[in-house]
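Here the structure is laid out as structure tokens; the discussion comes afterwards.
The values are calculated or read from the model by the stated rules, or taken from the named source; none is laboratory data. Please read these numbers as outputs of a predicted model, since none were measured by experiment. Cβ placement follows ideal geometry from the backbone for every residue including glycine, while neighbour counts extend to all protein chains displayed.
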Amino acid sequence: MICAGIDAGSRAVKAVLVDSRSLATLGSSVLDQGVHQDRTALAAIEQLLAPRGLGRRDVARIVATGYARNIVEFADTTITEITCHACGVRHQMPSARTVIEIGGQDSKLLRLADDGRVRDFAMNDRCAAGTGRFLEMVAGKLEVPLGRLGEIAALATNPAAISSMCVVFAETEIIGLLASGAHPQDIIAGVLGAIASRVAAMVGRRLEAPVAFTGGVAMVPGMDSALAGVLGRSVTVVNYPQMTGALGAAILAARSCGQSEKG
Amino acid sequence: MTDAPARITLDQWDVRYARLRAGGLAEPSYGGPLGRHLADGDRRLAKLRYDNSPAALRLWNFLLTEEDRLFAARQAGRKIVGVMKDLGTAAAMAMSLPNVTAFYPDGAWWIPCLMEHGSGVLEVAASLGLDDSFCPVRAMLGAFATGEHFPRPDLLVCSAGAVCDDFSAIAQLVEHLGNAILWWEMPARRRPADGEPAVPLPAGFTAPASQVAFVRGELDRVRKALGELAGLELDDQALAAGIARANHARGVLDELRLLAYSAEPCPMPALEMLIAEMLIIHYCSDRDEAPAVLEGLLAETRRRVDARLGVLPAGAARIFWVNPVADLRVMNLLEDCGGRLCGTELLFCHSLEPIPANLPPMEALARTALADPMVGAVRDRAERICAEIIRFGAEAVVVSRIPGASHCALEGGLIGGIIGGRLGLPVLEIEAPELSDSMMPTLRTRLEAIVETVKERRR
């Protein structure tokens, strides 16, 4: 039997299919989020099913998560990103005690108990300074592909000091830095550091190792080391970090079917 | 529509009201359909869900007619006293006089929530220099300036000293508008030093005897001013009678809270409990009717508990709530997300405690005033919250912050840390402005997540 998870995020819709018994991942897809969010979610799941000659009826249960989860009308139920990311991380990295997730428009901190349950969590979604949107703004301003930010930042010799308090002010700072001749690599390294500082402020004194890093921003090379530098702890990027929420949702769907062989 | 406990909309209430009236529902003078308050401008009411009991109807009507009551009191020649930055003490003193009506101008912070953008009080406050970087209590300044929400008081008393910066600034601007204020000083409560004479306070706190004596002296000035205003001596006998009345109301509320927060399934919604608790600060300007309203709510709650009836499905996540919300919708949202209220600390827990009746009245009032959670250390407040969490068996805690409120901004994280460390419960911090419509999705995610966390912990 197959179960599915859909993470309808602010920037992308992710879908994962799992075997409900073994919880093995059967496939995953990512689509850019659109105006018609329900249709995008449907397309993401059908993109997985069609090549396998499967239809919606072959999926025993679908769980939707993400900020647009309630728009996914074909889902059987919804579960928050907090619970889904915890589940997805637990599946991939059972030893994790702290999860940092940075997505397109928010960032989250999860503290996990030994059995993987959420002990506590905090979210930042009032300010873009600790989110992927900050990186998008910088990439656009510096005319650099998003995927190359980390590579370029690695060349920095004198990382710039960027405000970690507000993206709007940070943009002004970046314009000023460019005007004063600062190198793009130093600016990018400064931005990665600013995001890491913002997340570290949310973490406060609540950090317990091992630390798992997930969410779309975890795919940016160099972001993990920027975080590790600020936190003073090593940070492990989970496999396919963008898919963690959808994976967790799929696993929770399987669990609710009562068929999974694993917890 | 059945009579089973339920949360219903304003429209549904008006239908139900017609049916109850046809069935012989007896109402006080301020009774009537809830929908009329919407027509009067309380737009927020259309977006709330209410308990469907006649007792809740009475509670809402009592709350929403306070302005009428105050203007009627003025017409009747009663003396109007505004007790600012006072959470139950000066109000109890003022209401010990037969010809005085006391009210709580600070309560104007709820006007924008009830009237949404229709009141204009925040805009007026902004024009007077207080924008949205200040606590929502700035609505009080707008209300004083427009004079539309309460009559100009004959006497204004306000505590100073251990008061948050925002409130201090707002109150001073109220005075600059030409509203003379009798200031009385409340010191920051401290723990007695070794060997220093100490006295116990309500809520389990202690304070140096010298601080209590100082507050007693300050309250004596208030007492004198109240007596002069009323043309009557506010003697110990009158104060003792006022304290007895206050303690009766507090006792009713205490019983209501214990039942509502402990019983399973949840017998009374969070929103009605929030309003009920708020009544105790200043009785909605009617010292005689407020206890009766609370008694009605208690009787309904008891009836439901005895019949094992709930207004929410059994098994809701038991949430302890810290700090009042500026937007009443958030209390509905908690329940929509699968939670229920299971204890509160809304910044005035000392007003829920009985005023010591075995002490001289002014001593008792001074000790009660000094037990205010906002004038002591965060640690004291957190300890009190921990005790209440244990009392009601809460499974998680929500610390609610109000943008611009300087007190909430700093305390929330510290309290959350202490609670989490001591009790090991999940603690969620949220921030909700007066009108949180645009934030509802994110608030929903957080509240759903804390409910999921609680339910996962039960397994």
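Observations on the model:
- Residue check, B:L414 in contact with a strand residue (DSSP E or B) (Cβ under 7 Å, 6 or more places away or on another chain), within 12 Å of chain A (Cβ to nearest Cβ) and of a type in the set (A, V, I, L, M, F, W, C): no
- Of the residues making up the stretch A:46-54, one or more are over 19 Å from the mean Cα position of the chain (by Cα) and polar (S, T, N, Q).
- Test: residue in the stretch B:312-330 that is touching a residue at least 12 places away in the same chain (Cβ under 8 Å), of a type in the set (D, E, K, R) and outside any helix (DSSP H, G or I): yes
- Any hit, the stretch B:292-305, residues being surrounded by 22 or more Cβ atoms within 10 Å (Cβ to Cβ), at pLDDT 95 or above and among the β-branched types (V, I, T): yes
- Conditions (1) surrounded by 18 or more Cβ atoms within 10 Å (Cβ to Cβ); (2) at pLDDT 95 or above; (3) part of a helix (DSSP H, G or I): number failed by B:W184: (3)
- Test set (1) surrounded by fewer than 22 Cβ atoms within 10 Å (Cβ to Cβ); (2) not in a helix (DSSP H, G or I) - B:V399 fails condition number: (1)
- Condition met for B:D40 (at pLDDT below 95 and under 23 Å from B:P267 (Cβ atoms)): no
- Unmet criterion (only one of (1) more than 9 Å from chain A (Cβ to nearest Cβ); (2) at negative phi) for B:M439: (1)
- Residue check, B:P433 under 25 Å from B:A160 (Cβ atoms), within 14 Å of another protein chain (Cβ to nearest Cβ) and in a loop (DSSP other than H, G, I, E, B): no
- Subset of the stretch A:68-106 that is within 14 Å of chain B (Cβ to nearest Cβ), farther than 19 Å from A:A254 by Cα and aliphatic (A, V, I, L, M) - its residue that is surrounded by the fewest Cβ atoms within 10 Å (Cβ to Cβ): A:I71
- Residue identified as surrounded by fewer than 18 Cβ atoms within 10 Å (Cβ to Cβ) and in contact with a strand residue (DSSP E or B) (Cβ under 6 Å, 6 or more places away or on another chain) among B:A244, B:A230, B:A198: B:A198
- If you go through the stretch A:4-24 and keep only what is of a type outside the set (G, A, S) and either within 14 Å of the chain's Cα centre (by Cα) or farther than 20 Å from A:G258 by Cβ (or both), you end up with A:I6, A:D7, A:R11, A:V13, A:K14.
- Evaluation of A:V203 against the conditions (1) within 12 Å of the chain's Cα centre (by Cα); (2) outside the structural domain of A:A86 (by TED's automatic domain parsing); (3) closer than 21 Å to A:C87 by Cα shows that the sole unmet condition is (1).
- Annotation: of all residues in the stretch B:442-459 being basic (K, R) and more than 7 Å from chain A (Cβ to nearest Cβ), the one that is farthest from B:D132 (Cα to Cα) is B:R459.
- Pairing each residue of the stretch A:26-48 that is of a type in the set (A, V, I, L, M) with any residue that is in a helix (DSSP H, G or I) and surrounded by 20 or more Cβ atoms within 10 Å (Cβ to Cβ), provided the two are 6+ apart or on different chains, yields C-beta distances under 7 Å for A:V30/A:Q242; A:L31/A:T40; A:L31/A:A44.
- Residue within the stretch A:126-145 that is of a type in the set (K, R), touching a Lys or Arg at 6+ places or on another chain (Cβ under 7 Å) and within 14 Å of chain B (Cβ to nearest Cβ) present: no
- Failed item in (1) buried (at least 21 other Cβ atoms within 10 Å of the Cβ); (2) of a type in the set (G, A, S); (3) at pLDDT 95 or above, with B:A326 passing the rest: (3)
- Odd one out for A:T40 among (1) modelled with pLDDT under 95; (2) polar (S, T, N, Q); (3) in a loop (DSSP other than H, G, I, E, B); (4) farther than 26 Å from A:V167 by Cα: (3)
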